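Novice: What follows is a structure written as C-alpha cells; I'll ask about it next.
The values are calculated or read from the model by the stated rules, or taken from the named source; none is laboratory data. Keep in mind it's a predicted model, so treat the numbers as computed, not measured. Every residue, glycine as well, gets a Cβ built from its backbone with ideal geometry; the counts of neighbours run over all protein chains shown. All accessible areas refer to the heavy atoms of the entire protein, side chains included, with ligands and DNA or RNA removed. Shrake-Rupley method; radii C 1.70, N 1.55, O 1.52, S 1.80 Å.
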Amino acid sequence: LLKAPAHLEHLKYLAAQYPGVSIVWAHRRPLEAVASFYSLVTNMRSGFSDNVDAHLAGQGELQHSAVALERGMEDRRRLSEDQFFDVSFSAICENPLSVVEDIYAHFGWELSTDAQAGMQAYLKQHPRFLYGKHDYSAETYGLSSASEEAYFGQYLQDYGAVLR
C-alpha cells in the first residue's frame, strides 16, 4: 500500500523490482489529496518564512500531482489489472478492517484471526482523530472543481466510481 501520491510516479520501478507485486490503490478526490498535502507543506514552510503564498503552493502541487497521477495510470496500463485492488480513501477511513478483509480476499491471501485481533486492538488504541482533526480546504489553496476537472479529468472518468 503506497499512501503518498508521489509514489504513483514510480510504479514501473516498483514492478521491476518486485515482479508480480500486489498493489492497493487508495483513491481520493484529487483536490482533497492536494489540499491535505499542501496544508502540511504550508505549515512547515511557515516555520521558515513570514510570507507563504498558499495559492502559489497549491497551484504548483496541483500540476505536480497531475503529472504523478498520469504517470501512475500509464504504468498501471502496462501491468496486469489482477495486480491491483482499488479502494476509496474514505472506505479505508470508515471501516478499515472490512477493507483489509476485502484486500486479502481479492489477492487470495489468508487473514489469520491473530492478525485480525491485532488490527482491532491497534484501531481501538489509535482511533481516527486521536490527536485532533486535520482541517483544510481546497479553496485555501486557490483550487476549485474546475481545476480538478482540467487537471484530473481522465482520472475522474476512469476511477470516479471508486471515489463515491
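Novice: So what are the three principal axis dimensions of segment 39-87 from its Cα atoms, in whole Å, longest to shortest?
Specialist: Here the spans come out as 48, 18, 15 Å, largest first.
Novice: Evaluate 2.2 N^0.38 Å with N set to the residue count of segment 39-163, then give the Cα radius of gyration divided by it.
Specialist: Values: Rg = 18.6 Å, N = 125, 2.2 N^0.38 = 13.8 Å.
Against the compact-globule rule of thumb, the ratio is 1.35.
Novice: Along its three principal axes, how long is segment 74-146 when you only count alpha carbons? Whole Å, largest extent first please.
Specialist: 46, 40, 14
Novice: I would also like to ask the following. Quick one: which residues, 5+ away or cross-chain, put their amide H under 5 Å from the amide H of S88? H built at 1.01 Å from N.
Specialist: The list, which skips near neighbours in sequence, is H27.
Novice: Could I ask something else about it? Rank these by accessible area, largest first, 1.4 Å probe: T42, T140, T113. Spell out each step's value before the answer.
Specialist: Values: T42 20, T140 70, T113 105 Å².
Ranked list, largest accessible area first: T113, T140, T42.
Novice: Taking only Cα atoms, what is the 0 to 90° angle, nearest 10, from helix 54-78's long axis to the longest principal axis of the chain?
Specialist: 30
Novice: Here is a follow-up. How many angstrom lie between the Cα centre of segment 101-130 and the Cα centre of segment 131-157?
Specialist: One Cα centre to the other: 30 Å.
Novice: Now a separate question. Hey, got the dipole for segment 1-140? About the Cα centre, +1 on K and R Cβ, -1 on D and E Cβ, debye to the nearest 20?
Specialist: On the way: 12 positive and 18 negative charges, 35 e Å.
Dipole magnitude for segment 1-140 comes out near 160 debye.
Novice: DSSP loop chymotrypsin sites (Phe, Trp or Tyr not before Pro) in segment 58-127 with at most 12 other Cβ atoms within 10 Å of their Cβ, which ones? Before the final figure, lay out each step's value.
Specialist: Values: sites: F84, F85, F89, Y104, F107, W109, Y122; in loops: W109.
Passing both the DSSP loop test and the Cβ count: W109.
Novice: Here's another thing I want to ask about it. In nm, what is the difference between 0.36 nm times the number of residues separating A121 and S49 and their Cα-Cα distance? If you can, show how the numbers build up before the last one.
Specialist: Numbers: separation 72, 0.36 × 72 = 25.92 nm, distance 4.13 nm.
Extending this stretch completely gives an extra 21.8 nm.
Novice: Turning to a different aspect of this structure: Considering only the other residues whose Cβ falls under 13 Å of the Cβ of R78, what net charge follows from Lys and Arg at +1 and Asp and Glu at -1?
Specialist: Combined, the nearby Lys, Arg, Asp and Glu give +1.
Novice: Now for a separate question. Treating only the Cα positions of segment 1-106 as identical point scatterers, give the base-10 log of I(q)/I(0) from the Debye formula at each q in 0.15, 0.19 Å⁻¹.
Specialist: -0.73, -1.00
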